[in-house]
Amino acid sequence: MSSAEIHQIASELKARGITPTTAMVKARLSQAVPMAELLKSLSQWKQAQLKEQQGEPAPHDRHEGPQPHQEPLPHEPSVQSLAAQLDRLEQKLDRLLALMTQPR
C-alpha cells in the first residue's frame, strides 16, 4: 500500500504545481516508510512521468492538472506548523553558525 500512497501523494503535489521531493512526500505519508522504499517508489513515479511526457501514458496518474480550488490534503502540514518548524530550524542554524565562528 505504501508504494501506491507515495505515487498518489506525488501525483497530488504535481497536480498542485509542486515538484514532489522526497521530503515533501515523506512529510505527507500516513505512516512511516523505510527510506529505501520511499526513494525506489518515488523514482518509479518519476520514470513514469518521463515516459508520459514522451508520449507514453502512465496508467496510475489520472490528474488533468491543478484544480481552481483544492482543499488541503488530510495529512498535509498546516502553514502555522511549517512556520514554527522553520523558526526552530533557523534558530538552530544561527546557534551553529555562532559556534563555528567562535575562536578556538
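Compared with the alpha-carbon gap, the fully stretched path from residue 98 to residue 29 is longer by 21.3 nm at 0.36 nm per residue. Counting 0.36 nm for each residue step from residue 19 to residue 4 and taking away their Cα separation leaves a gain of 3.6 nm. Distance check, please: which entries in 14/51; 46/92; 26/46 exceed 23 angstrom between their Cα atoms? Result: 46/92 exceed 23 Å. Placing pseudo-labels 7 Å out from each Cα toward the beta carbon at residue 78 and residue 52 gives an inter-label distance of 3.2 nm.
Residue ranges 86-96, 17-27, 2-12 sort as 2-12, 17-27, 86-96 when ordered by packing (mean number of other C-beta atoms within 10 Å per residue, highest first). The phi torsions of segment 40-52, fed into the Karplus equation with coefficients 6.51, -1.76 and 1.60 and a -60° offset, translate into couplings of 5, 5, 5, 5, 4, 5, 5, 4, 5, 5, 5, 4, 5 Hz, rounded to whole numbers, with Gly and Pro shown as x.
Since every read-out is calculated from the coordinates, none of them should be taken as a lab result. Since we're looking at a predicted model, the values are computed, not measured. Heads up, the Cβs are rebuilt from the backbone with ideal geometry, glycines too, and the neighbour counts pull from every protein chain shown.
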